[in-house]
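Next up is a structure, given as C-alpha cells.
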Amino acid sequence: MRMTQRARRSAIALVAAVAIGGSGVAVGAATAAPAATTASATTATTVPATTVPATTAPATTAPAAVGSDARASYADVVRQVLPSVVLISTTEGLGSGVVLDHSGDIVTNAHVAGDASTFKVQVPGDPTPRSASLVGVYPPDDLAVIRVSDPSGLQPARFGDSAKAQAGDVVLAVGNPLGLSGSVTSGIISATGRVVTEPASAGRPGATLPDAIQTSAPINPGNSGGALVTTAGDVIGIPTLTAAGSQGGAQVQGIGFAIPSNLARDIAGQIITAGTVTNSHRAAIGAQVGTVTGQDGMPAGTGIVTVTSGGPADHAGLRPGDIIRAVGGTPTPDAQALAGALAAAHPGDRITLSVVHEAQERNVQVTLGELPGN
C-alpha cells in the first residue's frame, strides 16, 4: 500500500483484485478507466469486504470496549442498530445492507448488488427471507439501493452527520461477515478524508472513493454494505474495503474503509427519487484514459483514449494519444493515480497537468467539470 499526501486529503492506492460477490465499480466512464496494473511495488493489498458464501448457522459476536470510550458495554447501541442492518443474498454470495425508510429501501454497496436485479433479504427477527429488487446502482461511489417487496416491520436506521466524524472516535461495525448475521466489531476512526482507490480485476473496472473513513474496527468479508455506527447509535458510514497482506515484512492489520453516511444518503436519495444519480459532486476531465505501459513493462503514464467533445480536456486542447504524467506536480504513473488525484478535487477546480504531446512535455491548465451522474 502506498500513501501520498494530496492538497486536501491523503490518497491510498489499493492493489488487490476484487473479491467474490459483486460487480466491480467504475471510476467513471467520462473520467477514467483504470487498468488492472498499478505502480505500487509493495506487497500490501486491499480488498472489498464483499459477499461470501452462505452459512447455515448465523451467530452474533459481542463488541469489545476499546479506544477512549470507558464504557464496559455497547449492548444498548447494538440493540438499537441491529434491527436496521439486513443480510442480502444473491447468486454470488452474501452481503449487508442498511434500512433507509419504511418503504423498504435499503442502501448497500454496488459490489454487493453485483449484476443481480433480484435479491433475498433477511430481516433481523424474521426467519423468512424477503424478495427484493434493484432500484439503482452508482458504481463510482460503490453504492446501490434495493427495495424489499414487503416492508412491514422494517426499522430505518438513524443516520448521523459524517462530517463531524474525527480520528479517535469509537465506532462499531455492524453487518453479516461470513454470513454470521448480526455480528458486531469495535474500533476507532483512524482518519477521515481518505481517497481510496480500488483496483480493477478481471472483467470488473475499479473505483476511486473520495472522503472515505478509515477505521480500525474489523471489516470482514460480508460486512460490505453494513453500518459503521457511533456509540450513540448513529450510522456514519457504509463499510466497503479492508486492507490485507504485508508491508515491509509486517502484517497489515486494522485498516478498513467506509463510505461516509452523508455521501451514501445523498446518492441513495437521488437513486430513489430519480432512478439514477443526477448530481455526482465529483470532478472529471472529460476524457477516457488508460495506463500506458513502457518498454520495460512498467506503467509509464496515463494515456488519453478519447476526449469528450466540449468537455474540460477538449477545451484545454488535450487530444487522444496525449500522456498525462502528473497532476499539480504529483506523478500519475497510471490511470488509478489520476483517478485518485481527481477524487481529491472538485468540479470547477483549476489544475495543472504535465502532458506529453507529440514527444514534447508541456503544462496544460484544465478547469475540471463534473462526473456525469449516470
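Would you mind calculating the relative contact order of the stretch 64-176 from Cα pairs under 8 angstrom and at least 6 residues apart, reporting the percent as a whole number?
Values: 207 pairs, mean separation 33.3, N = 113.
Taking the mean separation of contacting Cα pairs over the length of the stretch 64-176, I get 29 percent.
Can you tell which of Q336, V289, H346 lies farthest toward the positive end of the dipole of the stretch 283-370, using +1 and -1 charges on the Cβ of basic and acidic side chains (Lys, Arg; Asp, Glu)?
H346
Would you tally the net charge around G93, using a Cβ to Cβ cut-off of less than 13 Å, leaving G93 out, and scoring K and R as +1, D and E as -1?
Details: positive: K120; negative: E92, D115.
Counting the neighbours of G93, the net charge comes to -1.
So who's got an amide H within less than 5 Å of the one on G237, skipping anything under 5 residues away but keeping other chains? H placed 1.01 Å off N, in plane.
Amide H to amide H, under 5 Å and 5 or more residues apart or across chains, G237 pairs with L228, S261.
Could you run the Karplus curve 6.51 cos²θ - 1.76 cosθ + 1.60 with θ = phi - 60° over the stretch 256-262 and give me ³J(HN,Hα) per residue in whole Hz, x for Gly and Pro?
Going residue by residue, I get x, 9, 10, 6, x, 4, 4 Hz, with x marking Gly and Pro.
Once amide H atoms are placed 1.01 Å from N in the peptide plane, what residues at a sequence separation of 5 or more from A284, or on another chain, have their amide H within under 5 Å of its amide H?
G369, E370, L371
Quick one: check the C-alpha center-to-center distance for the stretch 281-319 versus the stretch 122-160, whole angstrom.
With the stretch 281-319 and the stretch 122-160 each reduced to a Cα centre, they are spaced 37 Å.
Provide the per-residue ³J(HN,Hα) series for the stretch 308-315, in order, calculated from phi with Karplus coefficients 6.51, -1.76, 1.60 and θ = phi - 60°, each as a whole number of Hz, with x at glycine and proline positions.
Result, rounded to whole Hz: 6, 4, x, x, x, 5, 5, 5.
Same structure again: Once phi is turned into ³J(HN,Hα) by the Karplus curve 6.51 cos²θ - 1.76 cosθ + 1.60 with θ = phi - 60°, what whole-Hz value does each residue of the stretch 275-280 show in order, with x for glycine and proline?
For the stretch 275-280, the Karplus-derived couplings read x, 7, 9, 9, 9, 7 Hz, x marking Gly and Pro.
Name the residues whose placed amide hydrogens come within less than 5 Å of the amide hydrogen of A300, ignoring near sequence neighbours (fewer than 5 apart) on the same chain.
Amide H neighbours of A300: V292, T293, G294.
Read-outs throughout are calculated quantities, based only on the coordinates presented, and are distinct from any laboratory measurement. Since this is a predicted model, take the numbers as computed values, not measurements. Cβ coordinates were reconstructed from backbone atoms using ideal geometry, including for glycine residues, and neighbour counts include every protein chain displayed.
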